[in-house]
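The next block holds one structure in the form of structure tokens; read it before the comments.
A short reminder: the numbers here are calculations on the coordinates, not readings from a lab. This one's a predicted model, so the numbers in the text were calculated from it and none came from an experiment. Glycine gets a Cβ as well: all are built from the backbone with ideal geometry, and neighbour counts include every protein chain shown.
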Amino acid sequence: MKAVLCHAFTGPGDLSLGEIEVPKPAGDEILIDVHAASVSFMDRLMVSGLYQMRPQTPFVPGTEASGTVVAVGGDVTRFAPGDRVACSSWTGGYAERMIAKESKTVRLPDGVTFEAAATILHNYGTAYYALVERARAVRGETLFVTGAAGGVGLAAVDLGRHLGLRVVAGVGSDDKAGLVHRYGASAVINYRREDLRDRIKSITSGNGIDVGFDNVGGAIFEQMARLMNWGGRLMPIGFTGGEIPSIPMNLPLLKNFSIVGVFAGAWAEKFPHEGARMNDTLMRWLADGQIRPHIDRILPLEEVTEAMRAVANRTVRGRIVLRIR
């Protein structure tokens, strides 16, 4: 079968298209005909050797996909051949067929397209785990999201709106403001040209941020730590800016705010039943139109390098999707 191959951790430019054997599902796994796969910042880190885990090379990148079940392992009870599904996995999505754990697979409701489904589990799963499970966000609280026009950031804006939060979106360029407004941000801050402290204090009447959702890291996270409300929750989600931050620990002490780690993929593996319930909820919300994933563009599998470079250059709004069938 046709697949994208990563032979060394040298980045998107060295990915190649090749032929590999069709994988065989183990007892708790599902074999899927892949129709669509999304391209994330994590995928780009993975092929560049910059993620916290390194698969054995050569491997097929791709952490999220959708398609039709072909076969199931002997222990699988929730799915059967012919089911339309979305799935997440650490690798394997950029191929004509992939395998995924039953617990990381979700059935698609009628009317949900493969392209939309391929953008939900990572983006909205991260946002849901952060806002609902970790922050325990309460309707009316102020949520500040950095990298708000990217895949995970825009999902957090959209989900925050759905949960009744007051969403403030942080972006790095003015051309992203319109999109995050449409997805539910009541205010937008361009932290490359505006004073983040002054704007947050103005927007919150001096109270500060209740829930901080930071995709960027570095100096932005350090500034957010000085702008938290009493009892707030500051969550490091990722470090797209390239710098892992450190902050003086007297800051959370003085305001009694918490720094709350968010690693949705590890949580879903440790608590598979809870993760599966979350995925079912997200797909139901998608089918009902309560969340609205944004697809920047749809490309053929052969253009995976272009897709990853666009992600790295931060020109993507939401997600790029690769169409495989």
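Counting Lys +1, Arg +1, Asp -1, Glu -1, what net charge surrounds residue 251 among other residues with beta carbon under 13 Å of its beta carbon?
On the way: positive: 226, 255; negative: 222.
Value of the local net charge: +1.
Each residue of the range 166-182 in turn: what ³J(HN,Hα) in whole Hz from Karplus with 6.51, -1.76, 1.60 and θ = phi - 60°, glycine and Pro shown as x?
Here the 3J(HN,Hα) series is 8, 9, 10, 9, x, 10, x, 8, 5, 5, 8, 5, x, 5, 5, 4, 5 Hz.
Using modelled backbone amide H atoms (1.01 Å from N, in-plane), which distant-in-sequence or interchain residues come within less than 5 Å of residue 97's amide H?
Correct list: 34.
Hey, what do the phi angles of the range 68-85 turn into as Karplus ³J(HN,Hα) couplings, whole Hz, using 6.51/-1.76/1.60 and θ = phi - 60°, x for Gly and Pro?
These are the phi-based 3J(HN,Hα) values: 10, 5, 9, 8, 10, x, x, 9, 7, 10, 9, 9, 9, x, x, 5, 8, 9 Hz.
Please compute the length gained on full extension between residue 284 and residue 26, using 0.36 nm multiplied by the number of residues separating them and subtracting their Cα-Cα distance. Intermediate results must be reported in sequence, preceding the final value.
On the way: separation 258, 0.36 × 258 = 92.88 nm, distance 2.81 nm.
Length difference between fully extended and current span is 90.1 nm.
Along the charge dipole of the chain, which of 85, 178, 27 sits closest to the positive end, that is, farthest toward it, with unit charges on the beta carbon of Lys, Arg, Asp and Glu (+1, +1, -1, -1)?
178
What fraction of the DSSP beta bridges in the chain is antiparallel, stated in percent and rounded to the nearest 5? Can you show the working numbers first?
Numbers: 30 of 54 bridges.
Bridges in the chain are about 55 percent antiparallel.
So how far, in whole Å, is the C-alpha centre of the range 40-68 from the one of the range 167-234?
Rounded to whole Å, the Cα centres lie 30 Å apart.
How high is the FRET efficiency from residue 192 to residue 313, r the C-beta distance, R0 22 Å, rounded to 0.05? Don't skip to the end; give the middle numbers.
Working: r = 15 Å, r/R0 = 0.69.
Result of the calculation: an efficiency of 0.90.
Ranked from highest to lowest mean number of other Cβ atoms within 10 Å per residue, what is the order of the peptides 218-229, 186-197? Can you show the working numbers first?
Working: 218-229: 20.2, 186-197: 16.0.
The packing order, highest mean first, is 218-229, 186-197.
How far, in nm, would the chain grow between residue 297 and residue 253 when pulled straight, counting 0.36 nm per residue and subtracting the alpha carbon separation? The partial results should precede the final answer.
On the way: separation 44, 0.36 × 44 = 15.84 nm, distance 4.44 nm.
That works out to 11.4 nm of additional length.
Multiply the residue gap between residue 202 and residue 174 by 0.36 nm, knock off their C-alpha separation, and tell me the result in nm, one decimal place. If you can, show how the numbers build up before the last one.
On the way: separation 28, 0.36 × 28 = 10.08 nm, distance 1.92 nm.
Between residue 202 and residue 174, full extension yields an extra 8.2 nm.
For residue 322, what residues show an amide H to amide H distance below 5 Å, using hydrogens built from the backbone and excluding near sequence neighbours?
Amide H to amide H, under 5 Å and 5 or more residues apart or across chains, residue 322 pairs with 37, 38, 39, 299.
Could you quote the convex hull projected area for the chain, Cα atoms only and averaged over all directions, in nm²?
15.4 nm²
Net charge within 13 Å of residue 266 by Cβ-Cβ distance, Lys/Arg positive one each and Asp/Glu negative one each, not counting residue 266 itself? Can you show the working numbers first?
Values: positive: 104, 134, 270; negative: 133, 269, 274.
Around residue 266, the surrounding residues sum to 0.
Can you give the net charge of the other residues whose Cβ lies under 11 Å from the Cβ of residue 20, counting K and R as +1 and D and E as -1?
Details: positive: 2, 97; negative: 19, 21, 96.
Value of the local net charge: -1.
If packing is taken as the average count of other Cβ atoms within 10 Å, what order do 240-251, 264-275 fall into, highest mean first? Walk me through the numbers before you get to the answer.
Values: 240-251: 13.6, 264-275: 16.2.
Top of the packing list down: 264-275, 240-251.
Show me the GluC sites (Glu not before Pro) within the range 1-71 that DSSP assigns to loop and that have at most 15 other Cβ atoms within 10 Å of their Cβ.
Values: sites: 19, 21, 29, 64; in loops: 21.
Those that pass, being in a loop and sparsely packed, are 21.
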